[in-house]
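The values are calculated or read from the model by the stated rules, or taken from the named source; none is laboratory data. Source: prediction; values computed, not measured. All Cβ positions, even for glycine, are placed from backbone atoms using ideal geometry, and neighbour counts span all protein chains on display. Surface accessibility is based on the protein's heavy atoms, side chains included, excluding ligands, DNA and RNA. Shrake-Rupley method; radii C 1.70, N 1.55, O 1.52, S 1.80 Å.
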Amino acid sequence: MNKKTQIVCCPFCGNTQTESKWALSTLCKKCGHYIGLASKKEDHLFSSVSLLPKTRELTCPYCNHSQKIYAEAISVGCSHCGAYLYVENLYVKGKIKRKLSTLGDIQFGHGSEYSGPAVQGRKIWVRGIIHASIKALEEIEFSSKCMVKGIVHSPRVVINRFCSVKVKEIISRELIVKGVVECEKLIARDFLKIESFGHLTTEKILTNRLVAEPFSHLEAEFKTYSSLCPQGQKNFVELGEERLFWI
């Protein structure tokens, strides 16, 4: 043991192991139980989300190994490659400037405002103003009135009903618009759906499938690019009951 490490004794099986001095939690290498290493402190701007199931699935970004971890874990070691992974679920309220990067989920509360490096998480819920880009491994969901002065990047993006969003650019595989969204550029690689009463305004759309339900509103320069589709698949636009096809 040195100044950068500490000896941890598992309270469940008595196993001892070496961990980083700054580790906030770990898993016992013998019995697999979660061990908390830090005292819980309340922070008026930044806190953990506790209403979660007992376990959750985690995929290591370094080796793609999947494992189950304790739902309220703050950090763990990958059981396959041993990499240190910060996995805390975060809830943000008020104004904050600290870095937000986790393999857990992030929620921005009503009236929250963030300035700093790009935000990264597994799933991200936005209800505030973000002066940065945001990137999610699985999904980004917008509620109420929001603004993102950077790029929104996620496999799936959802703009909820009664929500008004302004963003610089959206890059996704699937985009669902139920409310109002305004952006400079939009890429929905596989699918873009504007539900009834949804409103989308953008300078340019790149997608392989666009579905606009009755009473929806779209203002954009629309383009498809067949290189994103499997050979033989057709791009199409569906407007109510009418479909226009591109080969």
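When ILE171, ILE194, ILE176 are screened for being in contact with a Leu (Cβ under 7 Å, 6 or more places away or on another chain) and either without any contact (Cβ under 8 Å) to a residue 60 or more places away in the chain or more than 12 Å from CYS146 (Cβ to Cβ) (or both), only ILE194 passes. Looking only at segment 177-207, which residues are assigned to a loop (DSSP other than H, G, I, E, B) and either of a type in the set (Ser, Thr, Tyr) or open to solvent by less than 10 Å² (accessible area, probe 1.4 Å) (or both)? Those that are assigned to a loop (DSSP other than H, G, I, E, B) and either of a type in the set (Ser, Thr, Tyr) or open to solvent by less than 10 Å² (accessible area, probe 1.4 Å) (or both): GLY179, SER196, GLY198.
When SER154, SER144 are screened for being of a type in the set (Ser, Thr, Tyr), in contact (Cβ under 8 Å) with a residue 24 or more places away in the chain and within 16 Å of VAL92 (Cβ to Cβ), only SER144 passes. Given the structure, is TYR34 at pLDDT 80 or above, of a type in the set (Phe, Trp, Tyr) and more than 30 Å from GLU113 (Cβ to Cβ)? Taking the combined requirement at face value, the residue does not satisfy it. Would you pick out the residues in segment 68-119 that are hydroxyl-bearing (Ser, Thr, Tyr), at pLDDT 85 or above and open to solvent by 50 Å² or more (accessible area, probe 1.4 Å)? Residues satisfying the conditions are TYR84, TYR86, TYR91. Filter segment 129-150 down to the residues that are assigned to a strand (DSSP E or B) and among the aliphatic types (A, V, I, L, M), then identify the one that is surrounded by the fewest Cβ atoms within 10 Å (Cβ to Cβ). Selected residue: LEU137.
The single condition from (1) of a type outside the set (S, T, N, Q); (2) farther than 25 Å from PRO61 by Cβ; (3) out of contact with any Asp or Glu (no Cβ under 8 Å at 6 or more places or on another chain) that VAL165 fails is (3). When restricted to residues that are among the aromatic types (Phe, Trp, Tyr) and within 19 Å of LEU192 (Cβ to Cβ), segment 114-167 contains 1. Here are GLY82, GLY104: which of them is closer than 25 Å to VAL126 by Cα, of a type outside the set (Ser, Thr, Tyr) and in a loop (DSSP other than H, G, I, E, B)? Exactly one of GLY82, GLY104 is closer than 25 Å to VAL126 by Cα, of a type outside the set (Ser, Thr, Tyr) and in a loop (DSSP other than H, G, I, E, B), namely GLY104.
Any chance segment 155-176 includes a residue that's open to solvent by 40 Å² or more (accessible area, probe 1.4 Å), in a strand (DSSP E or B), of a type outside the set (Val, Ile, Thr) and farther than 21 Å from ALA136 by Cβ?
Checking segment 155-176: not a single residue is open to solvent by 40 Å² or more (accessible area, probe 1.4 Å), in a strand (DSSP E or B), of a type outside the set (Val, Ile, Thr) and farther than 21 Å from ALA136 by Cβ.
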